[in-house]
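Below is one structure; the comments refer to it alone.
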Amino acid sequence: MAFDSFRDFVRGLEKNGELLRFTEPVATELEITEIADREMKKPGGGKALLSEKPTVNGAISPHPLVINTMGSPRRMAMALGAPSIEAAAAELGVLMKAKPPTGFREAVRLLGTALDLRHAKPSIVKIGPCKEVVHRFDSFSPARRSFSEGGSSLPTLLELPIQKCWPQDGGRFITLPCVVTKDPDTGERNVGMYRMQIYDERTTGMHWQLQKVGARHGRRYYETGTRMPVAVFLGGDPVFTFCATAPLPDGLDEFLLAGYLRKKSVDLVRCETNELEVPANADFVIEGYVDPKEPLRPEGPFGDHTGYYTLAEPYPAFHITAITHRKDAVYPATIVGIPPMEDFYIGSASVRLFLPIFKMNFPEIVDIALPAEGVFHNLLFVSIKKSYPMQAYKIMHGLWGMGQMMFTKYIVVVDDDVNVHNTSEVLFRLCANTDPQRDVTFTRGPADVLDHATSEIAIGTKMGIDATHKLAGEGFKRPWPPLIRMDKTIKETIDRLMAAKGANSAR
C-alpha cells in the first residue's frame, strides 16, 4: 500500500502496536538519542518512538519527532507496503526473470507483470501537501543565528526538532534527509541520503562522500563553476526513505523503484526556488544550492554507523533558499552508532530485496547476510552451491565489483547448507573448513570514507575467506569428511516420542 504522509505511516504503526508515544517534553539534545538507543538494542528492534513535544534549547518545537520507524523486520515490511520483506523480494524476483513470451499463456502472465508496473513512472503535478506552508528566503536576509542563539523572525531550520545525537558531535544533524540532485550533462536524477550538519538557520553541511552519486554530480558543477541546485525532502511515504538508501544500479531513478514498491506512481512537484522535483506528499522540503566557488567547510565530528565518531573533514556548504512543509508535518529521524541500530534493518531489507539481482549475475548464490556486527557493509556472509574449484573466489571478486559492495572489508563464503543469518553457524564452518594460508585472499580497493581504520581515506584492504568444502583442484589432497548428522528416521521417531511425553522437540 502507499502512504499519503509520514503521519499516515505513524498511524499505521500505532494501530499495529508498533509505536510508543512520549507526551512529555523530551530534549533533542542527547535525550531522544538515549531513549532511541535503548529501544533499538532490544531484541527485534523494539518499537518506533513518537515524541509529541521535542524541545530545541528548552523550547517545544511545533513539529513532533518520530524515530526508529523502520527498526524491525515488521516495520520495515510495513514501510515497503508488503506483508513481509521476503514477499516484496519475491515480486521483484519475478520481474527480473521476465523473458519474451513463447506463447499466449506466457504473454498473458507477462502482461500481468507489466500491469504491476503501470504506476512505477513518476508523474509531475502542480501542487501538493508539501507546499501547504511556504517560506522563501531568496528575498529575505535576516542576520544569521546559530542554534545556540535561538530562533529568528521567520521560521527556519531552528524551528525543526533536529537532534544533537551524541556528546562529541560537532552540532545538530539532519539524519534522514533524502537529497535530490541531477547530472548536469544527462539530466539523470539521483536521490541519496547524506547527513546534514546545521551551521546556522539557513546553512548546512552536505556530507556526500567521495564515491556517492551526489558527489559525482557535484564534481561536474565544480568543474564548470556554476551553482548547483539541490533539494532535500523528509518524510512522505516511508518507501522514499528506503529507496534513498537502496544500492540501485547507477542511473536508475529511485522514484521509479518507489512507484513500483508502493504500486502507485510518485507524484512530484517542482520546487519553489529551483527546477528540481520532490514528492508532493513529503512532510518537509528544504531547497537551496551548493556554490562551487566557495571554500569547503569543516563538517563533523559525528557519531557514525561505524560505532565511532567520524572526525571533522571538509565538505560543501548547502545554502537554503526555501523551506516548505505540511501543516501537520512530522519530523522523521534516526540515529546511528554501535550496532544493532535502525540502519541494520534497513540494510538487511536492501539485501533481501536485491538478492534476485545478485542471483541473476551469480546463479550459484543461495543467500546473503550482512551481520549487525559488520555495521552494514564491513562483513558479508554468502552461501553458494559450489560445483567447481575456486568458485568461492569468483564470488568474492564479483561482489566487490558490484556498487556499494566495494566497501565490504570481509567476505566469508560458505556452502549452500549453511544458514548465513545464523552467525554462530557461519563461524563454525569458518573455523572448521579453512586453512588460513590456503583459504584467505587479500586485495586492495576503494574503502568507506567513514572507515577510521584505513591508513588513507577511502583506500583500504579487503579480505575474502573461502569456508566452503574443498575440492581436489584447490590443492586439497585428502578425502573431505562428512558433517555429523543424525539419521532422518531416527529424528522423526524421537520427535514423536518426545511429543508424546509433552516435551518440546529439538532439531
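The values are calculated or read from the model by the stated rules, or taken from the named source; none is laboratory data. From a predicted model like this one, the values you see are computed outputs, not experimental measurements. Every residue, glycine as well, gets a Cβ built from its backbone with ideal geometry; the counts of neighbours run over all protein chains shown. The protein model used for the area step is the full one, side chains on, heavy atoms only, and it has no ligands, DNA or RNA in it. Shrake-Rupley method; radii C 1.70, N 1.55, O 1.52, S 1.80 Å.
For the range 221-313, the square roots a ≥ b ≥ c of the C-alpha gyration tensor eigenvalues yield an a/c of 1.5 or more together with a/b not exceeding b/c, which makes the shape oblate.
Packing-based ranking of 276-284, 235-243 yields 235-243, 276-284, ordered from highest to lowest mean Cβ neighbour count within 10 Å. A convex hull fitted to the Cα coordinates of the range 288-358 yields 179 cubic angstrom per residue.
Among complete DSSP H helices in the chain, those whose alpha-carbon atoms stretch at least 27 Å along the helix's long axis and whose mean Kyte-Doolittle hydropathy reaches -0.5 are 342-361.
Note that the range 16-30 has calculated 3J(HN,Hα) couplings of 9, x, 10, 9, 10, 9, 10, 8, 7, x, 10, 6, 6, 7, 6 Hz, one per residue in order, obtained from phi through the Karplus relation 6.51 cos²θ - 1.76 cosθ + 1.60 (θ = phi - 60°); glycine and proline are x.
Scaling the Cα radius of gyration of the chain by the globular reference 2.2 N^0.38 Å produces a ratio of 1.05. Taking other residues whose beta carbon is less than 14 angstrom from the beta carbon of residue 350, and scoring Lys, Arg as +1 and Asp, Glu as -1, yields -3. Taking the Kirkwood radius as Rh and the Cα radius of gyration as Rg, the range 157-209 has a ratio of Rg/Rh equal to 1.06. With bins 5 Å wide starting at 0, give me the P(r) of the range 327-431 over every alpha carbon pair, in whole percents. Here the calculated profile for the range 327-431 is 2, 12, 21, 24, 18, 9, 5, 3, 2, 2, 1, 0, 0.
From the Cα gyration tensor of the range 413-503, with a ≥ b ≥ c the square roots of its eigenvalues, which class applies: rounded if a/c is under 1.5, or else prolate if a/b is larger than b/c, or else oblate? The shape class here is oblate. Near the amide H of residue 304, within less than 5 Å, lie the amide hydrogens of 309, 310, all on another chain or at least 5 residues away, with H placed in the peptide plane. Considering only 310, 48, 133, and ranking their Cα positions along the charge dipole of the chain that arises from unit charges at the beta-carbon of Lys, Arg, Asp and Glu, the one farthest toward the positive end is 48. Taking Lys and Arg as +1 and Asp and Glu as -1, the other residues whose beta-carbon sits under 13 Å from that of residue 452 total -4. Our estimate of slack between residue 498 and residue 476, defined as 0.36 nm per intervening residue step minus the Cα-Cα distance, is 3.7 nm. Size of the range 23-95: Rg and Dmax of its alpha carbons, in Å, are 15.9, 52.
Taking other residues whose beta carbon is less than 14 angstrom from the beta carbon of residue 23, and scoring Lys, Arg as +1 and Asp, Glu as -1, yields -1.
Amide H to amide H, with H built 1.01 Å from N, residue 462 comes under 5 Å of 443, 444, 445, counting only residues 5 or more places away or on other chains. For 74, 220, 11, the ranking by accessible surface with the largest value first comes to 11, 74, 220, using a 1.4 Å probe. Less than 5 angstrom separates the built amide H of residue 321 from those of 287, 288, 289, all sequence-distant by 5 or more or on a different chain.
With bins 5 Å wide beginning at 0, the percent of Cα pairs of the range 147-290 falling in each bin runs 2, 9, 19, 22, 21, 14, 9, 4, 1, 0. When the helices of the chain are scored as -39500 (n - 2.57) per DSSP H run of n ≥ 4 and the total is divided over every residue, the value at 222 nm lands at -8000 deg cm²/dmol. Roughly what % of DSSP beta bridges within the chain run antiparallel, to the nearest 5? Antiparallel bridges: around 70 percent, rounded to the nearest 5.
Working note: Karplus 6.51/-1.76/1.60 with θ = phi - 60° gives the range 174-180 the couplings 6, 10, 10, x, 9, 9, 9 Hz, where Gly and Pro are set to x. Exceedance of the 27 Å cut-off in Cα-Cα distance is limited, within the set 41/488; 47/131; 47/182; 121/212, to 41/488; 47/131; 47/182. Backbone phi angles across the range 460-466, fed through the Karplus curve with coefficients 6.51, -1.76 and 1.60 (θ = phi - 60°), yield HN-Hα couplings of x, 10, 10, 10, x, 10, 8 Hz in residue order; Gly and Pro are listed as x.
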